[in-house]
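Worksheet: the structure to be examined is printed underneath.
The values are calculated or read from the model by the stated rules, or taken from the named source; none is laboratory data. Keep in mind the model is a prediction, meaning the values are calculated, not measured. Counting neighbours? That spans all protein chains shown, and the Cβs are built from the backbone with ideal geometry, glycine included. Note: areas computed on protein heavy atoms with side chains; ligands, DNA, RNA excluded. Shrake-Rupley method; radii C 1.70, N 1.55, O 1.52, S 1.80 Å.
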Amino acid sequence: MMPFDTLLEGSIQKIKTTNMTNTKTSLVEKVSELLQTSTAEVFRTMFSLETSPLPSDQLELSHRPLVAGSIGFIGEANGIVHVHVSSDFARTLASRMLGMAENEIDGDEMVNDVIGELSNMIVGAVKSQLCDMGNTCVLTIPAIVRGENISVSPTSSTEQSLLGFCCGNNHILIELQMKQST
Amino acid sequence: MSSKILSVDDSKTIRMIVKRAFAPYDATVFEAANGEEGLAASLANKPDIIILDITMPVMDGVTMLTKLKENADLKNIPVIMLTAESGRENVAFIASLGVSDYLVKPFKDDQLIEKVKRVVALQPKTAAVVT
């Protein structure tokens with residue numbers, strides 16, 4: 001049997017590395033911080049790609065064809081996260097994750113599956129930390145949206161946060177919408 | 001003798017990553033997209049190890065694991081759980097299931113190989129078996 005206590009310690013230590021001590025920070029701000037960390041971690045681990053924050057004046061969705069992975073969390077914290085990348089970059093990511101040449105990526109299905117898994121990993125890490133903070137929740141199944149000039153609008157009862165990352169010449173935009181806590 | 005690895009995950013991406021990770025080894029990777037298919041593949045192939053996702057349609061990983069443990073022919077097959085959720089409660093829950101190990105996504109191929117090597121004696125492919 002593996003030393004789970006050791007593994008559990010590692011898991012807890014990883015959680016402690018995220019600065020969550022400011023009790024005045026709103027939940028949407030905390031989740032945004034967690035998304036920053038988990039996105040960088042997923043890109044580093046799964047794609048061997050480094051990301052850096054995108055300047056705020058570039059925080060807008062491209063008019064180029066986009067692929068977005070959407071996944072929600074429901075429970076004591078409620079929200080949805082949309083991970084947007086250009087369709088060209090999505091194909092590059094699929095190629096890197098699957099270890100295949102881009103011309104071997106056959107159709108949209110493989111790209112969709114990779115973007116779904118990418119979204120699942122990013123939001124799964126956030127969900128785990130929300131649960132550890134006492135906000136028990138579960139993930140929804142991921143969905144993929146493709147198109148141009150995509151716009152996602154929050155309703156009056158939601159708070160929104162937009163995060164951006166540079167990855168070489170490519171941008172990753174992450175939209176977070178959370179139901180306002182009562 | 002070639003090792004037999006069963007990857008049970010509803011994500012084709014993850015199954016492809018597992019298959020790619022073990023390509024340099026003398027190992028056959030079988031695939032199943034849910035727990036029901038995973039049980040059938042376990043009975044048919046008697047794998048040396050199962051890499052099992054938790055959240056899947058039709059039959060989830062926890063149900064599959066429970067059914068494995070109830071089957072005299074399958075109960076001793078080592079299982080590594082693969083999960084995107086690293087929360088304390090989730091880790092403690094996985095530990096309680098009697099699995100050999102677990103791996104949190106995102107993961108590198110090397111991490112997966114290292115965990116499998118703790119349980120299965122993987123041999124690098126020799127020239128004679130490279131396909």
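Structure above, values below:
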item: Filter result for B:ILE113 (in a helix (DSSP H, G or I), at pLDDT 95 or above and more than 9 Å from chain A (Cβ to nearest Cβ)); result: yes
item: Search result, residues across segment A:38-51 that are open to solvent by 50 Å² or more (accessible area, probe 1.4 Å) and farther than 22 Å from A:ILE141 by Cα; result: A:ARG44, A:SER48, A:GLU50
item: Answer from A:VAL126, A:VAL152, A:VAL138 - the residue that is within 14 Å of chain B (Cβ to nearest Cβ), hydrophobic (A, V, I, L, M, F, W, C) and surrounded by 15 or more Cβ atoms within 10 Å (Cβ to Cβ); result: A:VAL126
item: Which numbered condition B:SER7 misses (of (1) of a type in the set (Ser, Thr, Tyr); (2) surrounded by fewer than 20 Cβ atoms within 10 Å (Cβ to Cβ); (3) at pLDDT 95 or above; (4) in contact with a Leu (Cβ under 9 Å, 6 or more places away or on another chain)); result: (2)
item: Options B:VAL99, B:VAL119, B:VAL58; residue that is of a type in the set (A, V, I, L, M), open to solvent by 70 Å² or more (accessible area, probe 1.4 Å) and within 14 Å of chain A (Cβ to nearest Cβ); result: B:VAL58
item: Tally, over segment A:95-113, of residues that are more than 10 Å from chain B (Cβ to nearest Cβ), at pLDDT 90 or above, closer than 24 Å to B:ALA33 by Cβ and surrounded by fewer than 18 Cβ atoms within 10 Å (Cβ to Cβ); result: 3
item: Residues that are more than 11 Å from the chain's Cα centre (by Cα) and open to solvent by 20 Å² or more (accessible area, probe 1.4 Å), drawn from segment B:28-50; result: B:THR28, B:ALA33, B:GLU36, B:GLU37, B:LEU39, B:ALA40, B:LEU43, B:ALA44, B:ASN45, B:LYS46
item: Qualifying residue in segment B:79-95 (condition: in contact (Cβ under 8 Å) with a residue 24 or more places away in the chain, open to solvent by 20 Å² or more (accessible area, probe 1.4 Å) and of a type outside the set (D, E, K, R)); result: no
item: Selection from segment B:19-66 of residues that are out of contact with any strand residue (DSSP E or B) (no Cβ under 8 Å at 6 or more places or on another chain), assigned to a loop (DSSP other than H, G, I, E, B) and not small (Gly, Ala, Ser); result: B:PRO57, B:VAL58, B:MET59, B:ASP60
item: Odd one out for A:ARG91 among (1) away from chain B (no Cβ under 13 Å); (2) assigned to a helix (DSSP H, G or I); (3) surrounded by 24 or more Cβ atoms within 10 Å (Cβ to Cβ); result: (3)
item: Pick from segment B:62-91, criterion among the small types (Gly, Ala, Ser) and within 14 Å of another protein chain (Cβ to nearest Cβ), ranking: nearest to A:THR45 (Cα to Cα); result: B:ALA84
item: Boolean, A:GLY116 is more than 18 Å from A:VAL145 (Cβ to Cβ), in a helix (DSSP H, G or I) and either touching a residue at least 60 places away in the same chain (Cβ under 8 Å) or within 14 Å of chain B (Cβ to nearest Cβ) (or both); result: no
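The rows are residues; the columns are (1) in contact with a helix residue (DSSP H, G or I) (Cβ under 8 Å, 6 or more places away or on another chain); (2) closer than 17 Å to A:ALA77 by Cα.
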| residue | (1), (2) |
| --- | --- |
| A:GLU104 | yes, no |
| A:PRO142 | yes, no |
| A:SER151 | no, no |
| A:THR155 | no, yes |
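Okay, residues lined up against (1) open to solvent by 20 Å² or more (accessible area, probe 1.4 Å); (2) away from chain B (no Cβ under 12 Å); (3) modelled with pLDDT of 90 or more:
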{"position": "A:MET1", "(1), (2), (3)": "yes, no, no"}
{"position": "A:THR21", "(1), (2), (3)": "yes, yes, no"}
{"position": "A:SER26", "(1), (2), (3)": "yes, yes, no"}
{"position": "A:VAL31", "(1), (2), (3)": "no, yes, yes"}
{"position": "A:GLN36", "(1), (2), (3)": "yes, yes, yes"}
{"position": "A:PRO53", "(1), (2), (3)": "yes, yes, yes"}
{"position": "A:ALA68", "(1), (2), (3)": "no, yes, yes"}
{"position": "A:ASN78", "(1), (2), (3)": "yes, yes, yes"}
{"position": "A:SER87", "(1), (2), (3)": "yes, yes, yes"}
